[in-house]
1. Condition first: exposed (fewer than 12 other Cβ atoms within 10 Å of the Cβ) and either assigned to a helix (DSSP H, G or I) or touching a His at 6+ places or on another chain (Cβ under 9 Å) (or both). Now tell me which residues in segment 225-237 satisfy that.
2. What is the residue count in segment 7-36 for residues that are closer than 20 Å to residue 74 by Cα, touching a Phe, Trp or Tyr at 6+ places or on another chain (Cβ under 9 Å) and not in a strand (DSSP E or B)?
3. Among what's in segment 77-126 and is among the aromatic types (Phe, Trp, Tyr) and part of a helix (DSSP H, G or I), pick the residue that is farthest from residue 62 (Cα to Cα).
4. Six or more apart or on different chains, Cβ atoms under 6 Å: show the pairs whose first residue is in segment 193-218 and in contact (Cβ under 8 Å) with a residue 40 or more places away in the chain and of a type in the set (Asp, Glu) and whose second is surrounded by fewer than 24 Cβ atoms within 10 Å (Cβ to Cβ) and not in a strand (DSSP E or B).
5. Collect the residues in segment 47-67 that are out of contact with any strand residue (DSSP E or B) (no Cβ under 9 Å at 6 or more places or on another chain) and part of a helix (DSSP H, G or I), keeping them in residue-number order.
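Derivation of every value follows stated rules applied to the coordinates shown; laboratory data play no part. This is a predicted model, so every value here is computed, not measured. All Cβ positions, even for glycine, are placed from backbone atoms using ideal geometry, and neighbour counts span all protein chains on display.
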Amino acid sequence: MSGLAEWKGLAVSVIGTEHVRREQPLQDASGVISAPRPAAVVCDGAGSARFSHVGAEAAVREFRISLAALEPMLAACLDSDETTFDGAKGYWRCLSYWMCRAIVAAKEESARVGSGNARDYDFTMAAAVVGQMRTAFLQVGDGAIAVRLRRWGGSALVFRPEKGPYANVTKFLDRDAVEEDEFQTRVLPTSAISGIMVMSDGPEIKMLDMSGNRPAKIVSDMIDDCAKGDLDRASLLNYLTGSRWMNDPRGGDDKSVAILALTNTRKGKQKEH
């Protein structure tokens, strides 16, 4: 993408102490993509699903593949000033449907070549895709996506936190979720944001405020530090594995964070009304 801005990305997934105690694998997977356009994705494998770590890893791989395959349509949706903002919202909804279908197919293929059935590979997903004029978001299940706001400062959640009616119950990305339209999408002007953080539900106890309805200050600080080059992968790993988690009885889950931070804006048109 011949963009107007330069974005820097970091992604880290770490195993939780509770998973270590239970001899479970790391069930999260995450990634950042720089080409053909900046993007970030986090998939959180279901704790009760035997091979959810395989499903989450397959989903991140398929997300990368889908971005490349859909690039001409993503350019029309997110980069073109010939597409209206309302038109882009509908366009992104359609692209999200096909992307989710491809990811579900990859999950089902993992079950066919492995053991068990597709439910044994369940995961949630949250993702962001950056365009010259618009940035698009997709989420199925829990976790959170935060954006750093350029004009007003601070950070805000893209979607309201989504939890099931009972504790530790959420939606997973499967064929029913796609066909029954159970995925969230949103489009925002790229000019309005200077950074994005996608996270699984594991870090939320420290990275969202106590109500869970907005990001804690650490989110804005990390995005800013990433933009300045003061936050690297080792620093992010240290944060996610520090004593702050071990000293909290809620801190034993796997933790994933993926960050995209705007580092430079070059002269050009980047305005959305």
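1. 228, 233, 234
2. Total meeting the criteria: 1.
3. 85
4. As it stands, the answer is 201/142, since those pairs meet every condition given.
5. 62, 65, 66
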